[in-house]
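The values are calculated or read from the model by the stated rules, or taken from the named source; none is laboratory data. Predicted model, so just to flag it, every value in this text is computed and none were measured. So basically every Cβ, Gly included, is an ideal-geometry build from the backbone, and we count neighbours across all protein chains shown.
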Amino acid sequence: MSDTPAPPLAAEHANPARAIYGTILVMAVITALSHDDTVTSAQLIAGVLATTFVFWIAHVYAEVLGNRVEGGSGMPTLANIATAARGEWPLVEASLLPVLCLLLGVIGLVKTHTAVSIAIGVGVVELFGYGILAGRRLGLSRGGVIVVGVVNGAHAGYPFLAATPGSCLLNTSSAAGIYGSAGIAIYAATKFAVRGLTESLDGEWAADDIKVRSLMPSFIDTPLLEASTTGSNMSVRQSVTAAGLEITPVEEVARAAWAAVHGDTLHTVVGKTAKKLRFAARWMPGALRKQSKRARIDRGQKPV
């Protein structure tokens, strides 16, 4: 990477750092409020929106005040306030998709606890997307985005987690973090990094009553499966299906996320493929190693 400083993430109109912050905030509020079994989806939405707008106003005030102190100027103008408000708005935007998920409970399509699971699952996906956006703006590779995004997310969320009794940080690892496969060396290495970070933080943050957990899914039924595989006209979905592997529904991942946050399992393996890989890695590592080598030779893969 170059030594040239990257553009700040707080640039007006496009602020993935604030969106990440907002997503973590929303997920923390939903998790904290949903501990009460009597809470309704409408009350959750009210809590999320009220908290988000209060934090947004506080950040706008802090931004305007900070610029005034730094610049030594007089009273802030409406233009200064509007610029700060637009720059901090991604914090509010990050709450919209989780709120829409909670609306499913308000209109009666699903029960409140199901709406909460879906909202948390969507929040995880949002964090992944915002992390990629932030990484691209910093000029990071995909591997760098995965690791640095998780580290930054943990750093940003820590104060809120520490202030919330019984809180939990849920990281998204992968079945690739169970055993490294041929052809995905860098990706597997980053997911092992997420796994190790989860284990370390779970010990480090225990004194603050913060649990740290990870999800380790296999192939999830998302639009990412429509991408082409390297050196082939087949999509990832077609390749996975042809190999006889299972594609995990998004709803199953959401349920696993809920169980991970409220349970004691450090790494939650999601999907039949991931569970088979975990079993093989523990009880048949030699056979798994031979299979990985054979697959690489059969596909004529080059080292990553």
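Considering T83, T23, T38, the condition of being closer than 24 Å to A162 by Cβ and either modelled with pLDDT of 85 or more or surrounded by 20 or more Cβ atoms within 10 Å (Cβ to Cβ) (or both) is satisfied by T23 alone.
Exactly one residue out of V92, V60 is of a type in the set (V, I, T), farther than 27 Å from S174 by Cα and over 23 Å from the mean Cα position of the chain (by Cα): that is V60.
Of all residues in the range 224-242, none are under 25 Å from the mean Cα position of the chain (by Cα), under 22 Å from G121 (Cα atoms), in contact (Cβ under 8 Å) with a residue 24 or more places away in the chain and surrounded by 14 or more Cβ atoms within 10 Å (Cβ to Cβ). Is it true that some residue in the range 208-222 is in the same structural domain as L288 (by TED's automatic domain parsing) and in a helix (DSSP H, G or I)? Checking the range 208-222: at least one residue is in the same structural domain as L288 (by TED's automatic domain parsing) and in a helix (DSSP H, G or I).
Yes/no matrix, rows are residues, columns are (1) among the aliphatic types (A, V, I, L, M); (2) closer than 24 Å to P249 by Cβ; (3) assigned to a helix (DSSP H, G or I):
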{"site": "G123", "(1), (2), (3)": "no, yes, yes"}
{"site": "Y130", "(1), (2), (3)": "no, yes, yes"}
{"site": "P159", "(1), (2), (3)": "no, no, yes"}
{"site": "F192", "(1), (2), (3)": "no, no, yes"}
{"site": "L197", "(1), (2), (3)": "yes, no, yes"}
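Residues in the range 198-215 that are of a type in the set (A, V, I, L, M) and within 20 Å of A259 (Cα to Cα) were compared, and the one that is surrounded by the most Cβ atoms within 10 Å (Cβ to Cβ) is L215.
State all residues of the range 179-195 that are more than 21 Å from W258 (Cα to Cα) and either at pLDDT 95 or above or of a type outside the set (S, T, N, Q) (or both); if no residue qualifies, say none. It would help to see each step written out before you state the result.
Filtering the range 179-195 for residues more than 21 Å from W258 (Cα to Cα) gives 179-190, 192-193.
Selection gives Y179, G180, A182, G183, I184, A185, I186, Y187, A188, A189, F192, A193.
Just wondering, is there one or more residues in the range 100-109 that are surrounded by 20 or more Cβ atoms within 10 Å (Cβ to Cβ) and out of contact with any Lys or Arg (no Cβ under 9 Å at 6 or more places or on another chain)?
Taking the range 100-109 as the starting set, the residues that turn out to be surrounded by 20 or more Cβ atoms within 10 Å (Cβ to Cβ) are 101-102, 105.
Among the residues that remain, those that are also out of contact with any Lys or Arg (no Cβ under 9 Å at 6 or more places or on another chain) are: 101-102.
For the range 100-109, residues surrounded by 20 or more Cβ atoms within 10 Å (Cβ to Cβ) and out of contact with any Lys or Arg (no Cβ under 9 Å at 6 or more places or on another chain): present.
Taking the criterion of being surrounded by fewer than 18 Cβ atoms within 10 Å (Cβ to Cβ) and either under 20 Å from L224 (Cα atoms) or not assigned by TED's automatic domain parsing to the domain that holds E199 (or both), the residues of the range 243-274 that qualify are A243, G244, L245, E246, I247, P249, V250, E251, E252, K272.
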